[in-house]
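The values are calculated or read from the model by the stated rules, or taken from the named source; none is laboratory data. Just so it is clear, the model here is predicted, and its values are computed rather than measured. Cβ sites come from the backbone with ideal geometry, for glycine too, and all protein chains shown count toward neighbours.
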Amino acid sequence: MRSSRLVKITGTTAMSAAALLVVAACGAGSSNPPPSSGPVKSGGSITFALDEDVAGWNVLQANDNEFVLQEILDQTWPQTFVIHPDLKPHLNTAIATSAKVTKKSPQTVVYKLNPKATWSDGTPINADDYIYNWKAQSGNPKYKDVGGKAFLPASTSGYSQIKSVTGSNGGKTVTVVFSQPYSDWQSLFSPMIPAHIASKVGFNSGFQEFNAAAKVSGGPYMLQSYSKGEDVVEVPNPHYWESKPKLDKITYRFITNDDQQPPAVQNNEVNIVNPALVSTTFYQSVKNIPNFNVQVLPGLEFQHIDFNESNPYLAKQSIRQAIAYGTDRQQMVDRIVAPLGVKNPQPLQNRIWMPTQPQFQDTSGGLGDFDPSKAKQLLESSGMTMGSDGYFQPNFGPEKGKDLTLSISTTSGVPVRSQIEQLFQASMKSIGIKINIQNYDANKLFGTVGPKGEFDMIEFAWVQSPYPSGNQSIYCSYTNANLCGSNWDHYANPQVDKLFTQALTNIDTSQAARQYNQIDSMLWKDMATLPLFQQPQLFGWSSNYGNIIPNTSSTGIPWNANQWGVSAQ
Amino acid sequence: MWPFILRRVLAGLVVLFIASFCLYVLVSLSGDPLAQLKANPHVSPRTIEAARHQMHLDEPLLQRYWTWFTGFLHGDFGTSTTGQRVGPQIWVRLGVTAKLVIPTVIIAAIVAVLLGIWSAVKQYSVTDHTSTALAYLFYSSPVFVIALVLKNFLAVDVNKTLGHTIFYTVGENTPGVTGTWNVIRDDAAHTALPVIALVLVTYAAWSRYQRAAMLDVLNADYIRLARAKGLSRRRVLLVHAARNALIPVTTVIALDFAVILGGTVITEIVFGWEGMGRFLYEGLTGPVSPDVNAVQAWLMITATAVVAFNIIADILYAVLDPRIRLG
């Protein structure tokens with residue numbers, strides 16, 4: 001079974017990512033023809049297989065914050081900025097005709113809202129929505145949900161830095177003033193919960209059942225029906241003020257076992273697939289289905305190995321570097337990524353920007369190159385002696401005089417991760433480190449083992465959004481528990497902390513991108529974590545539909561579902 | 001008979017109480033419903049603490065159990081970790097599973113009884129060998145293998161050949177279908193494959209029980225006596241032999257029915273049905289799991305079914321065999 005996909009950067013497995021144009025430039029592979037486009041006619045329906053049911057209907061609430069729900073809400077909840085396949089935010093003029101930084105200090109953003117924008121119940125989309133969405137996600141305890149309960153937002157990033165949100169011009173002009181600059185300001189208010197509904201039924205619990213509240217739409221489609229574990233149906237929103245969407249119905253069909261999706265495609269029960277974690281079996285099953293387009297693109301998600309620096313051996317930078325030099329990452333991509341049809345896959349050389357993003361730079365400085373002899377030298381210089389059994393033995397610490405033995409943990413039952421572990425184990429054996437594999441179910445790994453630091457090394461995937469600010473809590477010094485709760489590795493570097501603060505508050509995006517690359521360069525030098533490779537994403541769709549364009553960002557492939565249609569040819 | 005039933009019901013209630021307590025404690029200690037939040041770098045520690053409080057995870061385990069127990073006594077199954085009422089969900093799931101299980105049990109029982117009797121009467125014939133071979137084949141095949149074969153080699157090919165969809169491979173129905181006849185046809189098209197898969201794995205074991213029971217009876221003295229008295233072969237087989245040979249199989253079917261009702265997890269996953277099996281599976285492995293209230297609801301329904309069907313099996317035993325008296 002696949003594991004859940006969360007909307008933003010998370011510790012679970014998959015999500016989508018990568019831009020068509022950039023992918024081509026990077027030489028990444030795609031099989032079969034390019035996306036079908038061209039004229040489409042009105043009418044018809046489409047069925048999209050999702051590999052997980054929703055937990056509720058408020059994607060902004062912590063427990064509901066799943067990628068599948070964001071995909072479903074792409075066409076129903078308004079987004080001020082939409083991430084396009086180029087992985088850049090684009091202003092959604094259906095909601096706001098302009099959004100500009102009007103002042104740098106204090107950073108002030110003015111949104112001019114589309115005067116026609118209304119919720120499907122006739123209530124205007126206006127400043128009240130922006131004010132409510134800010135308060136609910138601010139993390140400020142003075143703002144309370146219905147019943148005096150604390151709000152449970154999935155993220156407070158950016159919203160916690162807002163000082164005020166005010167409306168003018170009949171609520172159609174919104175002015176946001178930040179208490180400190182926030183470079184990813186375009187990530188805010190995308191999507192938005194209907195304030196006039198949420199303030200009555202509650203942010204935390206009012207959208208947990210499929211009810212009238214969940215059906216209120218501010219987009220081209222609206223939710224019509226939901227059958228638990230079975231499907232969600234969307235139909236055109238009759239009150240939508242822009243061009244009417246083409247399809248009469250979009251059905252999201254939950255097929256939680258990815259292996260069951262290819263037969264459903266063959267049987268014409270499903271028209272679009274995008275499995276959470278693509279396997280070679282899945283790829284082989286769908287690539288030769290007639291009249292079915294398949295594209296495999298590098299995602300905004302990457303596999304990595306983390307080192308727990310509370311371990312006395314992994315606390316030494318030279319030992320972490322030795323492990324990196326001894327890891328044959330190219331072999332991993334050749335064995336795991338290449339069989340999925342990706343041409344010339346390469347190991348990942350940056351943790352913050354993926355090669356499919358324009359800001360990407362190779363910041364590794366050669367520290368991730370495969371060099372077993374250098375690895376052995378580093379181990380020797382770190383106080384290790386090669387034993388007669390081919391394993392190094394430390395001259396210090398609790399394992400003094402014994403074979404250097406470390407464990408690696410990941411989620412059990414995920415073939416890709418097991419393969420990574422086995423290849424890693426073989427690589428380490430060749431440089432003289434004994435590796436024990438100790439896996440757990442996802443719940444235990446991410447609920448206990450990771451957060452409590454009960455591991456030596458841990459392997460999983462981070463899912464990036466195009467906005468890099470989410471990386472701070474992973475790599476900033478663990479000593480700041482409130483801010484850096486996702487740093488499970490006991491890693492600390494004050495220079496990294498300082499650069500994060502600068503990058504996050506830098507509203508010059510190109511300068512901020514350079515600062516993020518500097519951070520990553522430091523992470524390489526410290527060998528805080530070892531990035532492995534970009535996880536490929538598979539998109540498949542019936543060729544008799546037009547305007548379907550994969551989007552590897554956290555928006556997902558339905559980002560332009562209002563333009564999808566049955567091909568007119 | 002009534003004192004017997006009363007004693008069994010009381011014993012069943014004690015079993016239910018003990019099972020509910022043990023399972024509550026075990027499931028609660030088996031994982032952390034906040035794991036997903038902890039794994040998300042965007043979720044602030046304050047939000048995690050607020051969620052812990054709102055899910056009552058900051059209360060002692062015994063107090064949580066007592067809250068659940070008193071709610072259950074009032075017919076309230078509680079709220080899932082994701083905020084939905086469990087009660088309405090569990091009944092819907094039970095209905096979904098029943099839609100799958102009831103036709104399966106009826107068809108499998110008929111096929112198993114007929115084949116079992118036929119095999120025993122025609123012992124060591126070609127029919128018997130074929131029936132035995134098929135029964136072992138289906139009994140030893142995992143249900144997901146049978147399901148994949150049915151999907152890939154039956155559904156897809158038949159549908160393509162006929163040019164329209166006779167068999168669906170996923171889901172319980174097609175959303176938006178209206179009209180009684182269309183709904184029945186659509187439901188049947190969705191139900192056919194999972195029911196066939198379940199029938200094949202279910203009938204196999206039952207037919208072996210039936211064959212063995214029938215062989216036992218056929219070799220009994222009273223059957224020889226019946227034949228010696230000049231009764232027709234047909235009357236001996238159907239009235240004297242088959243009725244007695246049904247007793248053990250009836251018990252097995254009654255007990256199995258309760259177990260199957262608890263969920264055919266793999267079949268439901270493979271065919272995308274949202275029944276009791278998936279309800280339990282998601283309660284234990286879902287994104288916000290373990291979901292103790294969901295698992296408890298599953299337990300109370302299935303354990304009650306097991307207790308009830310045990311009693312029914314005992315009663316049926318007495319009905320089929322006049323020598324047995326309950327008391």
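Listed values, structure above:
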{"quantity": "Residue match in the range B:153-169 (condition: modelled with pLDDT of 90 or more, in a loop (DSSP other than H, G, I, E, B) and among the polar types (S, T, N, Q))", "calculated": "yes"}
{"quantity": "Residue, nearest to residue A:534 (Cα to Cα), within the range A:401-424, restricted to residues that are at pLDDT 95 or above and among the aliphatic types (A, V, I, L, M)", "calculated": "A:420"}
{"quantity": "Selection count where residues are facing another protein chain (nearest Cβ under 9 Å) and of a type in the set (Asp, Glu), scope the range A:43-59", "calculated": "2"}
{"quantity": "Hits in the range A:358-404 (condition: buried (at least 22 other Cβ atoms within 10 Å of the Cβ) and either under 33 Å from the mean Cα position of the chain (by Cα) or aromatic (Phe, Trp, Tyr) (or both))", "calculated": "A:363, A:368, A:375, A:392"}
{"quantity": "Qualifying residue in the range B:279-289 (condition: among the small types (Gly, Ala, Ser), within 14 Å of chain A (Cβ to nearest Cβ), part of a helix (DSSP H, G or I) and closer than 28 Å to residue B:8 by Cα)", "calculated": "no"}
{"quantity": "Residue check for residue B:200: touching a residue at least 60 places away in the same chain (Cβ under 8 Å) and either in a helix (DSSP H, G or I) or among the charged types (D, E, K, R) (or both)", "calculated": "yes"}
{"quantity": "Residue selected from the range A:239-291 under the condition in a loop (DSSP other than H, G, I, E, B) and of a type in the set (Lys, Arg), by the criterion farthest from residue A:556 (Cα to Cα)", "calculated": "A:244"}
{"quantity": "Test result for residue B:86, in contact with a Gly (Cβ under 8 Å, 6 or more places away or on another chain) and within 14 Å of chain A (Cβ to nearest Cβ)", "calculated": "yes"}
{"quantity": "The range B:81-107, residues that are outside any helix (DSSP H, G or I) and buried (at least 17 other Cβ atoms within 10 Å of the Cβ)", "calculated": "B:81, B:82, B:83, B:84"}
{"quantity": "Selection status of residue B:133, surrounded by 21 or more Cβ atoms within 10 Å (Cβ to Cβ) and closer than 30 Å to residue B:235 by Cα", "calculated": "no"}
{"quantity": "Count - residues of the range A:374-394 that are assigned to a helix (DSSP H, G or I) and either closer than 21 Å to residue A:349 by Cα or in contact with a helix residue (DSSP H, G or I) (Cβ under 7 Å, 6 or more places away or on another chain) (or both)", "calculated": "6"}
{"quantity": "Any hit, the range A:199-214, residues being in a loop (DSSP other than H, G, I, E, B), crowded, with 18+ Cβ neighbours inside 10 Å, touching an Asp or Glu at 6+ places or on another chain (Cβ under 8 Å) and among the hydrophobic types (A, V, I, L, M, F, W, C)", "calculated": "yes"}
{"quantity": "Conditions (1) in contact with a helix residue (DSSP H, G or I) (Cβ under 6 Å, 6 or more places away or on another chain); (2) of a type outside the set (S, T, N, Q); (3) at pLDDT 90 or above: number failed by residue B:99", "calculated": "(1)"}
{"quantity": "Selected residue (criterion: farthest from residue B:274 (Cα to Cα)) from residues of the range B:165-213 that are within 11 Å of chain A (Cβ to nearest Cβ) and in contact with a Gly (Cβ under 7 Å, 6 or more places away or on another chain)", "calculated": "B:190"}
{"quantity": "Any hit, the range A:234-247, residues being modelled with pLDDT of 95 or more, within 11 Å of another protein chain (Cβ to nearest Cβ) and crowded, with 21+ Cβ neighbours inside 10 Å", "calculated": "yes"}
{"quantity": "Conditions (1) touching a helix residue (DSSP H, G or I) at 6+ places or on another chain (Cβ under 7 Å); (2) more than 8 Å from chain A (Cβ to nearest Cβ); (3) not hydrophobic (A, V, I, L, M, F, W, C): number failed by residue B:256", "calculated": "(1)"}
{"quantity": "Verdict on residue A:286 being in contact with a Phe, Trp or Tyr (Cβ under 6 Å, 6 or more places away or on another chain), more than 8 Å from every other protein chain (Cβ to nearest Cβ) and hydrophobic (A, V, I, L, M, F, W, C)", "calculated": "no"}
{"quantity": "Tabulated pairs, the range B:287-306, first of a type in the set (D, E, K, R), second crowded, with 21+ Cβ neighbours inside 10 Å, C-beta under 6 angstrom, 6+ apart or interchain", "calculated": "B:291/B:80; B:291/B:81; B:291/B:283"}
{"quantity": "Helices (runs of 4 or more DSSP H) within the range A:471-569 that include 3 or more residues modelled with pLDDT of 95 or more and within 20 Å of the chain's Cα centre (by Cα)", "calculated": "A:509-526"}
